Amino acid sequence: MKTLAKPALFEAEIKRSRFIAHAGRVDSLADTLAFYEAVADPSATHNCWAWKLDHRYRFNDDGEPASTAGKPILAAIEGKGLDHAMVVVNRYYGGVKLGVGGLVRAYGGSAARCIDLAATVEVQPRLRCVIEAAHQWTGQLYVALDQSGAERLGESFLEKGIRIEAEVLESALAGLRSRLSDATRGEAVVRIAGRS
């Protein structure tokens, strides 16, 4: 997955209207709201935005004509092949109407230039998982997790065994399952808890 390496800001004046684009990484719906609240300016004429988060996406024209602001911002995000990214563009109206095409170019172009300033980074998706096995396999579980590059997040001892919460690269999950199966004679149970 490709996402933004750092937040960025881009400013342009187009026919006396000022456009300020803010781009940043978002990893949850809560992040999208927090990012919007951090950069939206109540004194701006419009605060238009778009975000893409895994298979989900949203955009908003904030009073501009339909599909002239949010959709071009989303197109810029998708055009750069990004995920887990959000762009908010503040517009301060300068008295000259830009027309539909002008708005699309202004919002989409500002978003694209802002993304270029942020630079991108390749991030491998990680999964949270829960592993359970009998007490006798505790040592083998630790070894299999270490060999798979998994990060142990927590563990608890149950009446019938051990429960370990871990995070592993999505690409390493099959190897982890195989190691655990071999190490515990198929007794270890692995459940996916979520993505991060």
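None of the figures in this text is laboratory data; all of them are computed from the coordinates on show. These figures come from a predicted structure and were not determined experimentally. All Cβ positions, even for glycine, are placed from backbone atoms using ideal geometry, and neighbour counts span all protein chains on display.
Helical content alone sets the calculated 222 nm signal of the chain at -10000 deg cm²/dmol, taking -39,500 (n - 2.57) per DSSP H segment of four or more residues and averaging over every residue.
Between segment 127-165 and segment 1-56, what is the C-alpha centre distance in whole Å? If we compute the Cα centre of each part, the gap is 40 Å. Computed over the chain, the P(r) curve from all C-alpha pair distances, binned at 5 Å from the origin, holds 1, 8, 15, 16, 12, 8, 8, 7, 7, 6, 5, 4, 2, 1, 0 percent per bin.
Along the axis of the charge dipole computed for the chain (Cβ charges of +1 for Lys and Arg, -1 for Asp and Glu, origin at the Cα centre), the listed residues 154, 186, 74 are led at the positive end by 74. Exactly which trypsin sites (Lys or Arg not before Pro) in segment 60-134 are in a DSSP loop and have at most 12 other Cβ atoms within 10 Å? When the trypsin sites (Lys or Arg not before Pro) of segment 60-134 are filtered for loop state and at most 12 Cβ neighbours within 10 Å, 97 remain. Taking a point 7 Å from the Cα of residue 30 along the Cα-to-Cβ direction, none of the residues of segment 62-84 has its backbone N closer than 15 Å to it. Dipole of segment 1-149 computed with +1 at Lys/Arg Cβ and -1 at Asp/Glu Cβ about the Cα centre; of 28, 127, 95, farthest Cα towards the positive end is 95. State which stretch of the chain is the longest one without any exposed GluC sites (Glu not before Pro), exposure meaning a DSSP loop state and at most 15 other Cβ atoms within 10 Å. Between exposed loop sites, the widest span is 1-158.
Can you tell me how segment 6-92 classifies by the Cα gyration tensor, rounded, prolate or oblate, using a/c under 1.5 as the rounded cut? Prolate, because a/c is 1.5 or more and a/b exceeds b/c. Close amide H pairs (under 5 Å, H built 1.01 Å from N) link residue 58 with 51, residues at least 5 positions away or on another chain.
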